[in-house]
Amino acid sequence: MSAEFVQLSLTPILIGTLAAIACALPGNFLILRKQALIGDAISHVVLPGIVVAFLLTGTIAAVPMLIGAGAAAVVAVLLIEAIKRLGRIDPGAAMGVVFTALFAGGVLLLEQSDTSGVHLDVEHALMGSLESLIWLDATGWSSLTDPTALAHLPPELARIAVVAAAVIVLTWLFWRPLELTTFDEGFARTIGLPVTAIGFGLVVVAAVAAVAAFDAVGSIIVIAMFICPPAAARLMTDRLTVQVWWSVAFASLSAILGYILAGYGPLWIGLNDAVSAAGMVATVSGVILMLAALFGPRRSRVGEGKGGA
Amino acid sequence: MTTPELRIAADNAAKMAASTQVSAMKIRGMTVSYGEKPALFSVDADFASGAMTAIIGPNGAGKSTLLKAALGIVPRLSGEVSVFDRPLSVSRDRIAYVPQRASVDWDFPTRVFDVVLMGLYRQLGLLGRVKARHRQTALECLDRVGMADFADRQIGQLSGGQQQRVFLARSLAQGADLYLLDEPFAGVDAATEAAIIAVLKELKNQGKSVVAVHHDLATVTRYFDRVLLLNVNKVAEGPVASAFTSETISQTYGGRLASAQIDQLGLLVVP
């Protein structure tokens, strides 16, 4: 059992957890900036970027994928701004138009191109392929100290680990400017903070996290990781630091519990086949949000304790 | 706030302000436009150092926009700004800006104390540790606005007046020489208004300069030394005694203010 767990479940759970954390961290600030939809936009928009990067390079290596998706995200942000300003269209509508159109374009492009040789198709783009990121060379927990086995870890693990580490370091480094510009943009400008650059940097970090998470949970379900853990965390506390820790905890819980429920849950209730891990991870994060909305200690903030003096 | 002492202090300061030469903030040819209609058109302004100046005008006159454009919060089409005769970029540490209370989301997960600490950002930087002296400064500033007991409160639990005082405490923490306040008295209770004006007068007595967007014509002469009357264009500027007259007021507000209301202000009619 434990050998099988290390072989089949350990790496997908690790990858899922790291992807969830990498998305949840920028998600906290996106939600507080009322820009949660940007996470949605990004997760859709990265698809055409990845497909174009594949068509140009013929591989699905990490760097071209990240560059392609990053470029697509930048194009999307510029398009949204252009539509907003030129057409005087409501920002929400401008976003909706741009990300849906780009995602649809990505799907068409993907269908028309020959990606049979690589692990890139519409289903993978939508659902991810967490279950396939297994560690075949592992024979048990002892493999964690075996260099030969470690050399054959799925490459996606290293990729998401690097991205998650970068997101964590950037969040720590730019904590104060992020908090300040998110809370009070006008004041932040008067003390000389580069407000626009910080906002743009946040979106870029979210885009990189979305691309890296693409392998694990697929394009659509990334949105759940951006929104559900931070939104649930907001209902647990009135302090930003504590909120971010809760969001990391909820993201990890969703990934671990989601994977286990998807893999073993159907067997427990007598069914034969496992269900989509990515789908279950997103579902668990949604259930956590629902529970937080029903029972979270800070769920009824509006109008509470006004004028407590 | 109508005590004789304060009135005398205000009178003295008005005399001093009249003799001051240095501008705390100088604005030249400021034009700002949202869409097609200009919000401000070629406005010049000199906010005197060591004085309390009110920016007055009807809704949509561009009062808040003048402050925001001068500070680079909204883009301007044209205009030069200097702060204590230096460019804004080198004078940032001498400025404290208090935005309109409604411009931020008070549901943000933070405490009163942490908001005041934001005023120390330029001292703390990205990763500087919050030391005992920083905490002490923040608590002192909260104490000056009568909010020391609320340091640990979540900001969403405060009344409007308390929120305004927290914003004022944050600006005090900045230790600036020029305080720019956008509607500091909008929607606050009488006690808060008295507390804020006391702090502002205290700042002026320390030689600091104060500029506030102000709505209540009835309190202008009591609170301020100088006025800037604005309605897209500048209408008048100068000491309250000479610039805040029934004539300039009706010019600023057009037909929106009945002459009977102006008469109630008890101002001298300049022929």
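The values are calculated or read from the model by the stated rules, or taken from the named source; none is laboratory data. If you're wondering where the values come from, they're calculated on a predicted model, not measured in any experiment. Neighbour counts run over all protein chains shown; Cβ positions are idealised from the backbone, glycine included.
Structure data summary
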item: Residues located in segment B:85-110, provided they are more than 7 Å from chain A (Cβ to nearest Cβ), more than 15 Å from the chain's Cα centre (by Cα), buried (at least 16 other Cβ atoms within 10 Å of the Cβ) and farther than 11 Å from B:A176 by Cβ; result: B:L88, B:W106
item: Given (1) more than 12 Å from chain A (Cβ to nearest Cβ); (2) of a type in the set (V, I, T); (3) within 25 Å of B:F150 (Cα to Cα), index of the condition B:I55 fails; result: (3)
item: Residue within segment B:190-201 that is basic (K, R), surrounded by fewer than 21 Cβ atoms within 10 Å (Cβ to Cβ) and at pLDDT 95 or above present; result: yes
item: Single condition A:L202 does not satisfy, out of (1) out of contact with any Phe, Trp or Tyr (no Cβ under 6 Å at 6 or more places or on another chain); (2) away from chain B (no Cβ under 11 Å); result: (1)
item: Tally, over segment B:1-53, of residues that are among the acidic types (D, E) and modelled with pLDDT of 90 or more; result: 2
item: Hits in segment A:170-199 - residues which are without any contact (Cβ under 8 Å) to a residue 24 or more places away in the chain and of a type in the set (S, T, Y); result: A:T181, A:T190, A:T196
item: Among the candidates A:A62, A:A3, residue that is of a type in the set (G, A, S), closer than 30 Å to A:Y264 by Cα and at pLDDT below 85; result: A:A3
item: Test: residue in segment A:182-194 that is surrounded by fewer than 16 Cβ atoms within 10 Å (Cβ to Cβ), over 13 Å from the mean Cα position of the chain (by Cα) and either under 30 Å from B:F167 (Cα atoms) or not basic (K, R) (or both); result: yes
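For every residue, the table says whether it meets (1) closer than 21 Å to A:I42 by Cβ; (2) free of Cβ contacts under 8 Å to residues at least 40 places away in the same chain; (3) surrounded by fewer than 19 Cβ atoms within 10 Å (Cβ to Cβ).
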{"site": "A:F226", "(1), (2), (3)": "yes, no, no"}
{"site": "A:A251", "(1), (2), (3)": "yes, no, no"}
{"site": "A:S254", "(1), (2), (3)": "yes, no, no"}
{"site": "A:I260", "(1), (2), (3)": "no, no, yes"}
{"site": "A:S276", "(1), (2), (3)": "no, no, no"}
{"site": "A:S285", "(1), (2), (3)": "yes, no, no"}
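Listed here are the residues, each with its yes/no results for (1) touching a strand residue (DSSP E or B) at 6+ places or on another chain (Cβ under 7 Å); (2) more than 9 Å from chain A (Cβ to nearest Cβ); (3) surrounded by fewer than 21 Cβ atoms within 10 Å (Cβ to Cβ).
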{"residue": "B:K131", "(1), (2), (3)": "no, yes, yes"}
{"residue": "B:E140", "(1), (2), (3)": "no, yes, yes"}
{"residue": "B:R144", "(1), (2), (3)": "no, yes, yes"}
{"residue": "B:V166", "(1), (2), (3)": "no, yes, no"}
{"residue": "B:A169", "(1), (2), (3)": "no, yes, no"}
{"residue": "B:L172", "(1), (2), (3)": "no, yes, no"}
{"residue": "B:Y179", "(1), (2), (3)": "yes, yes, no"}
